[in-house]
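The values are calculated or read from the model by the stated rules, or taken from the named source; none is laboratory data. The structure displayed is predicted, hence computed values, not measured ones. Note that we place each Cβ from the backbone using ideal geometry, even for glycine, and neighbour counts take in every protein chain shown. Surface areas here come from the heavy atoms of the whole protein model, side chains and all, with no ligands, DNA or RNA. Shrake-Rupley method; radii C 1.70, N 1.55, O 1.52, S 1.80 Å.
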Amino acid sequence: MQPSEVKALLESRLDGCEFHIQGEGCNFQVVAVGEAFEGLSPVKRQQMIYGALSEEIASGALHAVSIKTYTPQQWQAATDNQGA
């Protein structure tokens, strides 16, 4: 799979989130930003992403998925800190 394919899958299955995908083959890093993560534990956030990709993981099309999730406020703070 290509990063653009993973991004398209996530965008079609999770509304209101922005995705940044890196990787190749069956190993990907997913950064997801969205209001949907507000108030959720880190485990619940990851379960949302894994759930959206469950078919591809079960089929072996995706093997290793590293996930980082942020609310828009957390993402803004994280990107602001990178420049410091």
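Of the residues Ser59, Ser54, Ser41, the single one that is more than 13 Å from Pro3 (Cα to Cα), out of contact with any Phe, Trp or Tyr (no Cβ under 9 Å at 6 or more places or on another chain), open to solvent by 70 Å² or more (accessible area, probe 1.4 Å) and among the small types (Gly, Ala, Ser) is Ser59. Here Thr71 meets each of (1) of a type in the set (S, T, N, Q); (2) in contact with a strand residue (DSSP E or B) (Cβ under 8 Å, 6 or more places away or on another chain); (3) open to solvent by 30 Å² or more (accessible area, probe 1.4 Å) with one exception, condition (3). The residues listed here are Val65, Val43, Val6; of these, the one that is out of contact with any Pro (no Cβ under 6 Å at 6 or more places or on another chain) and either in a strand (DSSP E or B) or hydroxyl-bearing (Ser, Thr, Tyr) (or both) is Val65. Give me a count of the residues in the range 14-40 that are more than 19 Å from His63 (Cβ to Cβ) and not in a strand (DSSP E or B). Residues flagged as more than 19 Å from His63 (Cβ to Cβ) and not in a strand (DSSP E or B) within the range 14-40 amount to 9.
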